[in-house]
1. Checking Arg221 against (1) open to solvent by less than 10 Å² (accessible area, probe 1.4 Å); (2) closer than 15 Å to Ile35 by Cβ, only one condition comes out false. Which one?
2. Give the residues of segment 124-137 that are open to solvent by 10 Å² or more (accessible area, probe 1.4 Å) and assigned to a helix (DSSP H, G or I), sorted by residue number.
3. As an exercise: evaluate Leu200 against (1) over 30 Å from Ile74 (Cα atoms); (2) in contact with a helix residue (DSSP H, G or I) (Cβ under 8 Å, 6 or more places away or on another chain); (3) without any contact (Cβ under 8 Å) to a residue 40 or more places away in the chain and give the number of the one condition it does not meet.
4. I'm checking my understanding of the structure. Among residues of segment 38-52 that are in contact with a helix residue (DSSP H, G or I) (Cβ under 8 Å, 6 or more places away or on another chain) and assigned to a loop (DSSP other than H, G, I, E, B), which one is farthest from the ligand (Cβ to nearest atom)?
5. Please return the ranges of helices (runs of 4 or more DSSP H) entirely within segment 155-229 where 3 or more residues are within 16 Å of the ligand (Cβ to nearest atom).
6. Does Leu34 fit the bill of being under 22 Å from Thr211 (Cα atoms), open to solvent by 50 Å² or more (accessible area, probe 1.4 Å) and touching a helix residue (DSSP H, G or I) at 6+ places or on another chain (Cβ under 6 Å)?
7. Which one is farthest from Gly218 (Cα to Cα), of the residues in segment 12-31 that are within 12 Å of the ligand (Cβ to nearest atom) and buried (at least 22 other Cβ atoms within 10 Å of the Cβ)?
8. Name the single residue, out of those in segment 57-88 being away from the ligand (no atom under 13 Å from the Cβ) and under 19 Å from Leu209 (Cα atoms), that is most open to solvent (accessible area, probe 1.4 Å).
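The values are calculated or read from the model by the stated rules, or taken from the named source; none is laboratory data. Not measured: the values here are computed from a predicted model. Note that we place each Cβ from the backbone using ideal geometry, even for glycine, and neighbour counts take in every protein chain shown. SASA here: full protein model, heavy atoms, side chains in, ligands and nucleic acids out. Shrake-Rupley method; radii C 1.70, N 1.55, O 1.52, S 1.80 Å.
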Amino acid sequence: MTLLELKNVSVAYGRIEAIHDMSFSVDEGEIVSLIGANGAGKSTTMKTISGLLNPSKGTITFDGTDITKMKAHIRVVQGISQAPEGRGIFPGMTVLENLDMGAFGRKDRSGMSADFDRVFSLFPRLAERKTQVGGTMSGGEQQMLAIGRALMSAPRLLLLDEPSMGLAPQFIKQIFSIISEINAQGTTILLVEQNANQALARANRGFVLETGSITHSGTGRELLANPAIKEAYLGVG
Ligand code: ATP
């Protein structure tokens, strides 16, 4: 079943168009990876799906509902949650307070309590540091907190923008295996990554974005095997 669909979406910053006539979809249960060079439009695409930016053209549908004009906080209630690039946690708040913010507006206490448990079992480090102030945590820990906070709204679609950015190699492996685990628990994931190798290896399908347009698409495996993509994004000739 199609969960998210973008149809002919264009997004502009003032007079400069960053995304041109983009169409793609994400099926329920998938991990879909969006890869591309700096400035290709990956973050712009994510912000347009979460509602932080508005398209100048085209439509976005989520679970059969047109959400093109829906405000960002309503999209969260509908089931779309974004862990932003650059982490974006609340630095003056504790781990628990940050996670609470992710559950803002929820009233289902038993569901919330199950989601706290889910986050602490995915990220035992957060369970050990419940009262630590977010801003004093390491980069990797803040990344875990950002993902944990996004999960606290019980999303059907989790948007992850560069989750491996700035992490040490052992943390990168860990974050990607946790992403697969979140997906195995039933959450659909749209992943934006510079680390194309890992992102495509984990993905059911992937898209390559170049200067605001999709230039390649396929299964993760197909894209990993494509010589042009290998040369441009996977660091091998
Ligand atoms: P990176 O991997 O470097 O984060 P990206 O693929 O996420 O890159 P975007 O951040 O989506 O790329 O940027 C796409 C294009 O839009 C770039 O040319 C960028 O300079 C431009 N852009 C992004 N944000 C703004 C803004 N607020 N105002 C004007 N132009 C912007």
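1. (1)
2. The answer is Pro124, Arg125, Ala127, Glu128, Gly135, Thr136.
3. Status for Leu200: all satisfied but (3).
4. Gly51
5. The qualifying helices (runs of 4 or more DSSP H) are 196-202.
6. No: the conditions fail for Leu34.
7. Among them, the one singled out is Ile19.
8. Filtering first and then ranking leaves Lys57.
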